[in-house]
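All remarks here apply to the structure that follows.
Since every read-out is calculated from the coordinates, none of them should be taken as a lab result. Owing to the predicted nature of the structure, the values given are computational and were not obtained by experimental measurement. Using ideal geometry, Cβ is built from the backbone for each residue, glycine included, and neighbour counts are taken over all protein chains shown.
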């Protein structure tokens, strides 16, 4: 459990909106899975409102948007100036197209993340590729097919996306924030550093109470865990007294939380290494030992395997494991 204390800000129930700073609001949007909610952040400005991460696209979230917007004087038809998406995951990008169509506002993402989003959420994509990925990593085909099917979420990527680049400045209401590329949770995830107000809009890169999934997927670049740990260490020194995460409580101790996340992954690497029991195993076998399979839904199972793969790859880079075979993948422990 995290030792960093949650902020007293953002204590409103799911489905409600509250001010967390002058001109800055947190809207807790429901999601149809155990996380319960995703936070969208709204920044009021003289030219209109900036929305960061509009949420997962389903009727309950749309209803919350309609009610919450009117409650703070935001006309969704005319008052949204821009829609910013930190990364491609469905609880962040899902409502971007709906809100774009509703408001006429442009959607902005890092250019490379937008490219990947179009591939991942292409309705014509071949789910068989993901089935083969799962089987190659040790999952039996009978389990792999329904597991792959959980990725068919009907996400509608906006037809037009304005490309952003790391290091650029982006206006959040009346203040300009800096775009910082933070790979790991996704390859082109980014955070926004509002130095003037001492805030960090963190997306899923820094969460309190829970940890973001760092997984190796068919569409991700190698070494996501290494890139994640490097990126959060670089964030640790930022001047930010308030962190606005995509899930869970807001918090204030940025370097303290970074230290906790680094320590967490060091512990997870030990757990993964111990799960070998001294003998070679497939990634799926390790995942089943670390995450009890009978307690996991097919949706959760694919995340468990992706996380296991990222940690096994990191163990191999550290010289603590070795990839013996590629298809099916078999790893062996090298030393305690």
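Hey, fewest Cβ within 10 Å first, where do 29, 296 land in order?
On the way: 29 26, 296 17.
With the sparsest Cβ surroundings first, the list reads 296, 29.
Relative to the first principal axis of the alpha-carbon coordinates of the chain, what is the inclination of helix 254-274, with its axis defined by its Cα atoms, in degrees from 0 to 90 and to the nearest 10? Orientation of helix 254-274: about 20 degrees from the principal axis. Each listed q (0.13, 0.14, 0.21, 0.24 Å⁻¹) maps to a log10 I(q)/I(0) for region 128-179 from the Debye sum over equal C-alpha point scatterers, namely -0.61, -0.64, -0.76, -0.87.
Sort 329-335, 262-268 by packing, meaning the average of other beta carbons within 10 Å per residue, with the highest value first.
On the way: 329-335: 16.4, 262-268: 13.1.
Descending packing order for the listed peptides: 329-335, 262-268.
Expressed as a whole percent, the proportion of Cα-Cα pairs in region 2-63 lying more than 19 Å apart is 36%. Volume of the convex hull of region 91-209 (Cα atoms only), normalised per residue: 139 Å³.
Rounded to the nearest 500 deg cm²/dmol, what is the calculated helix-only ellipticity per residue at 222 nm for the chain, with -39500 (n - 2.57) per DSSP H run of length n ≥ 4?
Details: 10 runs with 115 residues, N = 336.
Result for the chain, helices only: -10500 deg cm²/dmol.
Please work out whether region 154-235 counts as rounded, prolate or oblate from its C-alpha gyration tensor, where a ≥ b ≥ c are the square roots of the eigenvalues and a/c under 1.5 means rounded, while otherwise a/b larger than b/c means prolate and anything else oblate? Oblate shape, in that a/c is at least 1.5 and b/c is the bigger or equal ratio.
Across q = 0.08, 0.10, 0.11, 0.12 Å⁻¹, the chain modelled as identical point scatterers on its alpha-carbon atoms has Debye log10 I(q)/I(0) values of -0.38, -0.59, -0.71, -0.85, in the order of the q list.
Report for region 181-336 the percent antiparallel among DSSP-assigned beta bridges with both residues inside it, nearest 5. Could you put the intermediate results ahead of the total?
On the way: 11 of 15 bridges.
Counting DSSP beta bridges with both partners in region 181-336, the antiparallel share is about 75 percent.
Against the main long axis of the alpha-carbon atoms of the chain, helix 224-235 sits at an angle near 40°.
Separation of region 23-69 and region 269-292, taken as the distance between their Cα centroids, equals 38 angstrom.
According to the Cα gyration tensor, what semi-axes, each the square root of 5 times an eigenvalue, does the equivalent ellipsoid of region 224-264 have, listed from largest to smallest in whole Å?
Numbers: eigenvalues 59, 28, 18 Å².
Square roots of five times the eigenvalues give 17, 12, 9 Å.
Here region 38-123 carries DSSP beta bridges of which approximately 45% are antiparallel, counting only pairs with both residues inside. Placing pseudo-labels 7 Å out from each Cα toward the beta carbon at residue 234 and residue 143 gives an inter-label distance of 3.6 nm.
Beta bridges per DSSP, both residues in the chain: antiparallel share near 75 percent.
What shape does region 137-278 have by the C-alpha gyration tensor, where a ≥ b ≥ c are the square roots of the eigenvalues, rounded means a/c under 1.5, and otherwise prolate means a/b greater than b/c and oblate the rest? Since a/c reaches 1.5 but b/c is at least a/b, the shape of region 137-278 is classed as oblate.
Normalising the Debye intensity of region 50-128 to I(0), with uniform scatterers on Cα atoms only, and taking log10 at q = 0.20, 0.22, 0.26 Å⁻¹ returns -0.87, -1.01, -1.28.
Computed from Cα positions, the angle between helix 127-136 and the longest principal axis of the chain comes to roughly 40 degrees.
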